[in-house]
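**Student:** Okay, here's the structure, questions in a sec.
The values are calculated or read from the model by the stated rules, or taken from the named source; none is laboratory data. These numbers were taken from a predicted model, which means no experiment stands behind them. With ideal geometry, Cβ positions are generated from the backbone for all residues, glycine too; neighbour counts draw on all protein chains shown. Side chains included, ligands, DNA and RNA excluded: accessible areas come from the protein's heavy atoms. Shrake-Rupley method; radii C 1.70, N 1.55, O 1.52, S 1.80 Å.
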Amino acid sequence: MAHPLLLGFQDAMSPIMEELLHFHDHTLMIVFLISTMVLYIITLMMTTKLTYTNTMNAQEVEMIWTILPAIVLITIALPSLRVLYLMDEINNPHLTIKAMGHQWYWTYEYTDYENLEFDSYMTPTKTLPNGHFRLLEVDHRMVMPMESPIRMLVSAEDVLHSWAVPSLGVKTDAVPGRLNQATFIVTRPGVFYGQCSEICGANHSFMPIVIESVPLWHFENWSSLMFS
Amino acid sequence: MAGEGEPDSEKTFKLLGILDVQNIPCSRESILYGSLGSLVVGLGHFLATSRVRRSFDFGMGGFVLTTLGCWIYCRYNHAKLRIQQRIIQEGMRNKILYESSDFDPERKQNSNLGSKS
């Protein structure tokens, strides 16, 4: 999860997020090389004694600074398109969960087998137990089985919201009157945090998302308990 | 719990403040090979031509090309390895599930050996 002074991404908990991390590393290396080259050229320009003020055309250098950026863009675009299409693959989800955004809480619906529905409100700081995360904990976590493809259907009841969990690489807008779909697989058990990512009013910062990923039999026990 | 997940600052080293060579796979090797390539190309050019500024330019070009080449090669192999790891992990997970069924690869292997003998 996020920690103080975190500049990069959180650890990946789904295969798609792993791919995104790797793509980010690739792009960062290219950015590093371009930055190094630019710094070098600036140093060259500041240390040269040569000046020429009558330049009329510069065909060769213009060819270079057109073709080279085109090659750089292709080097970035090809892996980017690969990850983009990977994210859109059809993977036959085992479970469908609906997340409905309200002002200012989330409602989760598990309607595949029984009609299980519950609200997820942020735990106020005053009632937060010691050691728990401020502005991130909720009263009812969204529990899901690990290593199972999950389909999330995200919508909203009032205004725009956005259901986002950075460690899973998921961010889906919750639009009233529209169903948006996201699919992912959680590879490890654990608790993953996210926050509403579309401005939705006064308490936009206070409607977090907490996912608890557990083995399947744990999930079955939990859903039986919740339903009863 | 407050100490969980805090960055070990002594374990990150960011070149130009952005590239974490300690934690990004293949980055350290690429930068090191790039530096070596830069040295070889730059020094070689200087020894051949005795032109200092142009040798630095060649060195810079050698750094960029060698780093990029090593990076792409290493990342490609790393990606292949990760895919193989995923296939193995899934196979291990499904071994018990598929045992003695039509999907069991060991059963197919044994039946092939049986038919050959």
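**Student:** Step by step: first the residues of region B:89-102, then only those that are assigned to a helix (DSSP H, G or I) and either farther than 18 Å from A:Met146 by Cα or at pLDDT below 80 (or both), then the one that is least open to solvent (accessible area, probe 1.4 Å). Which residue is that?
**Tutor:** Step by step, filter region B:89-102, then rank; the result is B:Asn94.
**Student:** Looking at B:Val40 and the list (1) within 11 Å of chain A (Cβ to nearest Cβ); (2) assigned to a helix (DSSP H, G or I), which single condition is not satisfied?
**Tutor:** The failed condition is (1).
**Student:** Further question: Just give me the residues in region A:115-140 being open to solvent by 60 Å² or more (accessible area, probe 1.4 Å) and not charged (D, E, K, R), in sequence order.
**Tutor:** Hits for region A:115-140 are A:Asn115, A:Tyr121, A:Pro124, A:Thr125, A:Thr127, A:Pro129, A:Asn130, A:His132, A:His140.
Every residue, every condition in (1) in a strand (DSSP E or B); (2) at pLDDT 95 or above, yes or no:
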position: A:Ala77; (1), (2): no, yes
position: A:Asn91; (1), (2): no, no
position: A:Ile97; (1), (2): yes, yes
position: A:Met100; (1), (2): yes, yes
position: A:Tyr108; (1), (2): yes, yes
position: A:Gly131; (1), (2): no, no
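**Student:** Ok, one more. Among A:Val154, A:Val165, which is the only one that is under 12 Å from the mean Cα position of the chain (by Cα), open to solvent by less than 10 Å² (accessible area, probe 1.4 Å) and modelled with pLDDT of 95 or more?
**Tutor:** It is A:Val165.
**Student:** Being within 10 Å of chain B (Cβ to nearest Cβ) and either free of Cβ contacts under 8 Å to residues at least 40 places away in the same chain or closer than 30 Å to A:Met207 by Cα (or both) is true for just one of A:Ile67, A:Ile34, A:Ile30, A:Ile42. Which residue is that?
**Tutor:** Result of the check over A:Ile67, A:Ile34, A:Ile30, A:Ile42: A:Ile34.
**Student:** Taking the residues in region A:105-114 that are in contact with a strand residue (DSSP E or B) (Cβ under 8 Å, 6 or more places away or on another chain) and under 14 Å from A:Met226 (Cβ atoms) as candidates, determine which candidate is surrounded by the fewest Cβ atoms within 10 Å (Cβ to Cβ). Give the derivation first.
**Tutor:** To start, the set of residues in region A:105-114 that are in contact with a strand residue (DSSP E or B) (Cβ under 8 Å, 6 or more places away or on another chain) comprises A:105-112.
Now restrict to residues that are under 14 Å from A:Met226 (Cβ atoms): A:107-112.
Details: A:Thr107: 16, A:Tyr108: 21, A:Glu109: 15, A:Tyr110: 21, A:Thr111: 12, A:Asp112: 14.
Looking at residues that are in contact with a strand residue (DSSP E or B) (Cβ under 8 Å, 6 or more places away or on another chain) and under 14 Å from A:Met226 (Cβ atoms), I get A:Thr111.
**Student:** Could you check A:Leu179 against (1) modelled with pLDDT of 95 or more; (2) crowded, with 17+ Cβ neighbours inside 10 Å; (3) more than 15 Å from the chain's Cα centre (by Cα) and say which number it fails?
**Tutor:** A:Leu179 satisfies all of (1) modelled with pLDDT of 95 or more; (2) crowded, with 17+ Cβ neighbours inside 10 Å; (3) more than 15 Å from the chain's Cα centre (by Cα) except (2).
**Student:** I've got another one for you. Pick from region A:11-21 the residues that are touching a helix residue (DSSP H, G or I) at 6+ places or on another chain (Cβ under 7 Å) and open to solvent by 30 Å² or more (accessible area, probe 1.4 Å): which of them is nearest to the other protein chains (Cβ to nearest Cβ)?
**Tutor:** Restricting attention to region A:11-21, the residues satisfying the condition of being touching a helix residue (DSSP H, G or I) at 6+ places or on another chain (Cβ under 7 Å) are A:11-14, A:16-17, A:19-20.
Among the residues that remain, those that are also open to solvent by 30 Å² or more (accessible area, probe 1.4 Å) are: A:11, A:13, A:16, A:20.
Working: A:Asp11: 8, A:Met13: 13, A:Ile16: 13, A:Leu20: 13 Å.
Filtering first and then ranking leaves A:Asp11.
**Student:** So if I check each of A:Met1, A:Met29, A:Met46, A:Met63, which one is more than 30 Å from B:Ser38 (Cα to Cα), hydrophobic (A, V, I, L, M, F, W, C) and either buried (at least 17 other Cβ atoms within 10 Å of the Cβ) or not assigned by TED's automatic domain parsing to the domain that holds A:Thr187 (or both)?
**Tutor:** From the options A:Met1, A:Met29, A:Met46, A:Met63, the qualifying one is A:Met1.
**Student:** Right, something else. Could you tell me which residue of region A:196-217 is most open to solvent (accessible area, probe 1.4 Å), considering only residues that are more than 16 Å from A:Met13 (Cβ to Cβ), in contact (Cβ under 8 Å) with a residue 60 or more places away in the chain and not in a loop (DSSP other than H, G, I, E, B)?
**Tutor:** Within region A:196-217, the match that is most open to solvent (accessible area, probe 1.4 Å) is A:Leu216.
**Student:** Could you list, in sequence order, the residues of region B:55-79 that are within 11 Å of chain A (Cβ to nearest Cβ) and open to solvent by 90 Å² or more (accessible area, probe 1.4 Å)?
**Tutor:** B:Phe56, B:Leu65, B:Tyr76
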